[in-house]
1. Given R₀ = 22 Å, what would the calculated FRET efficiency be for residue A:637 paired with residue A:919, taking r from the Cβ atoms and rounding to 0.05?
2. Give me the number: length gained by fully extending residue A:833 to residue A:702, i.e. 0.36 nm times residue separation minus the C-alpha to C-alpha distance, one decimal in nm.
3. Quick check on the stretch A:606-666: take the gyration tensor over C-alpha atoms, sort the square-rooted eigenvalues as a ≥ b ≥ c, and tell me if it's rounded (a/c under 1.5), prolate or oblate.
4. Taking the Cα centre of each part, how many Å lie between the stretch B:32-61 and the stretch A:473-513?
5. With axes computed from alpha carbons, what is the tilt in degrees of helix A:180-189 against the longest principal axis of chain A, rounded to the nearest 10 within 0 to 90?
6. Show me A:930-942, A:328-340 ranked by packing, highest mean number of other Cβ atoms within 10 Å first.
7. For residue A:406 and residue A:114, what does the FRET efficiency come to when R0 = 30 Å and r is the distance between their Cβ atoms, rounded to the nearest 0.05?
8. Per the helix-only calculation at 222 nm, which mean residue ellipticity applies to chain B, given -39500 (n - 2.57) for every DSSP H run of n ≥ 4 and division by its residues, nearest 500 deg cm²/dmol?
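The numbers here are math on the coordinates, done by the rules we state, and not lab data. On a predicted model such as this, the values are computed, not experimentally measured, just so you know. Neighbour counts run over all protein chains shown; Cβ positions are idealised from the backbone, glycine included.
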């Protein structure tokens, strides 16, 4: 095993255990505490991926969550496989299996790199320009090929074997980021009774302090101080420390989403541990201490493996104990890269030259580098690089051009300064302001109860970072209503690296045709961005969408400011005027699993079942979803398909008796002195004269005059109504009633109660229904004279209290037996047994639909679609014309609602009785009319009617009631179907059967 | 997710509530006496406010009561919630709080 890149310093590395893992099938050894990135670098591996578009070899650019290149798939099995993880964040453990992505057949020899040779033909907007023609080729040819070539990792082939949980939490102060600013904020905020949550996306807390070998705080080396601070925080009962926890999104009113990765770093997680927890934290006050991200420099061929951010290299050396290269060229626009160079030199690397973009370089770090014998070239650039699978050399020239010097290297470090991580601040709708000095946006005015501290506020000197963190922590606790137990001070000794910075491209004017990457992950070059401006795109929002810069999974963490710089220079407009793209959650990609939580499988969408459901299941019923309910659809017997079963159920009900579970009907009990008046106002019908013991079919409108719901209503007493609604409409109806009652008519003495689940409803329909029920009922005279159609009686059935409705949705003599839900199944079975001599037949919703359609009874939501008035539906008779007012009444006389040519409900009989129309089919007068053919209506319901031995249909047709007998056309893909307009009541128009 | 202070129950997460649109639009006492235009204005015309918006909410998965809230549509900050029948504070619709 070769880990010649491991630093031997006699401290950190020696005490760490060896860990074995594989990458692309090859075994490697790393050390405990390594990320996959640091472990691979220790083994001299820099090539980890192929780029998105050109399939160029790529290596590690960073050491953190901003990594654009090192995307890997992790997991030994498909059920535990996660694509697109960042190697810079994946912690290694014994047995870890990782692989590179977007390459074929292998990372070293990838066929996709052929794109590289065609790169001249793949400019920005390439897809829009090229694949426009012929249109039909997009779906069959272009899209599949592009999808195979481009893209990131592969989705796992098996369901996720892991478990995810969700947690709600409240705290006084939430601190995001546990670097120097966040730790100081936590120490101060928790020095009171405030409850504090401190979270950090990394495995270890400390942020930049973990990579700092030169600074000291309170007389301790930075890492040592960090350990002490964390020890202190751990002792405080009001503090919760959460590492491996990313604050990924800010939602209104200080609601912050945290994703905690619980087991990803473990070889053998306990079975009771979830893989991740989604924390939904409501914090009184928030301290944002998210730090800053170093910016790459945009120079020719800046994307080769072995070219990385200077501070990332410093982290690999100082924190993980690995040297990313031994011959180093540094290219910088600021002092921090000098600090990195010195740390690498101390670890044994040779610094070939520091190339400084600035006209002159001076100050502590520059002087120190010079004193250590490092060659410094100011006012210079790296104008090109060589090396395919790893960088081999850099070409260096004056910033304006001229002769280039070639310097051999295996590592190029770059730094254009730091970009404050303002993502969460911006998501909280805080206003950003542009800092000319930092060449970056910094937080301005806050909207929510939060404050930014440290580097994410644009402060980079350690002393001011800690000071602002401490102040922010105290402020947050105070604003949350807590007073501190005292104030402590921090003695910081650190040399500042200043705040110099650069954005845009460093290329000379002669290099216009060369490629310098702005966005590594989406393969966007400065040339592409300039092309977009030449083609007329000026706003960064448009440039972004045209070139896709900043639209990859890293959301432009490294690229956005450089893209702005390129555009700003190209069109000669100040950066703030070019605009800024919107920061959106999540900050880093977050698993679907954590958002789904427990909502998967049976728990994804809870199912409601009636008390009679198990009986229907035992009978072999097929079910359908209606609203949130499962309803029995039909009851097939051996060898029957749906068609045969429904025909048999219909026949049995029309000829003898059928039984149907109607329990899902919505039910509302309306009670009070003013109940009748309330009903008058809510429904189109008149209720005042409805006597107790009688039923009425009620129609409810929205205020705009269109049908909202319908149902049979029973008056149980002068001050009590038993209202039924459609299955799917119950909640909506109750909510609308509550709205009017609470907000328009609070003076009415009425109470509304949902009773849907309190009653089981058993519909018994057919000529023998009375005979089946009579022996089971006590205290109710069922005879036609004593209990006519549309009446309700209270009594007992099988010893159970019942509200017995005489009502029919089939056109037959019918009853609906309401019993307390707990008795539903027992009463059902008793009725079923009593019906045996009559061949009682259970039927489902499909038969119910056919039987009611034969009678022309509408179903709200099938015959109506929110634009149908009572008159359109043939329900004009149900509107109480004499009533002064009801919801929707005024709208019924609006001009559009009284037009003669409105769509009206009619029956349709096909010329060929065997043809069953398709529901939703459009109806036309003249099918030979050139396209577009004017459409005059559509089929709302269509079935095979066993009763009539032919197909039947209901339809909404313009001026339909004046078209009786007319022949209309229904054009379908395989020919035009002819049908005749008839009355919507197709069976027993006089209603003799239901009055029997 | 908004944190909404139900005047009857106290602060609760938005998931417990349903928005009911613009507040303080009384249903006309005698709709039949209105012209078509007046009725259409009541039915359909609503403010599209940038700034302070007085709106109805219902604590649907809680006490079930309707109440009003004054919310800044640009920031989602809810300045005040109050019971049905009460008037909003002096700020007018659209004002910056």
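1. Details: r = 26 Å, r/R0 = 1.19.
Working from the Cβ atoms, E equals 0.25.
2. Length difference between fully extended and current span is 42.8 nm.
3. Details: a/c = 2.09, a/b = 1.57, b/c = 1.33.
Here the stretch A:606-666 falls in the prolate category.
4. Using only Cα atoms to place each centre, the spacing works out to 48 Å.
5. Rounded to the nearest ten degrees, it is 60.
6. On the way: A:930-942: 15.7, A:328-340: 26.8.
Highest to lowest by the protection proxy: A:328-340, A:930-942.
7. 0.60
8. -2500 deg cm²/dmol
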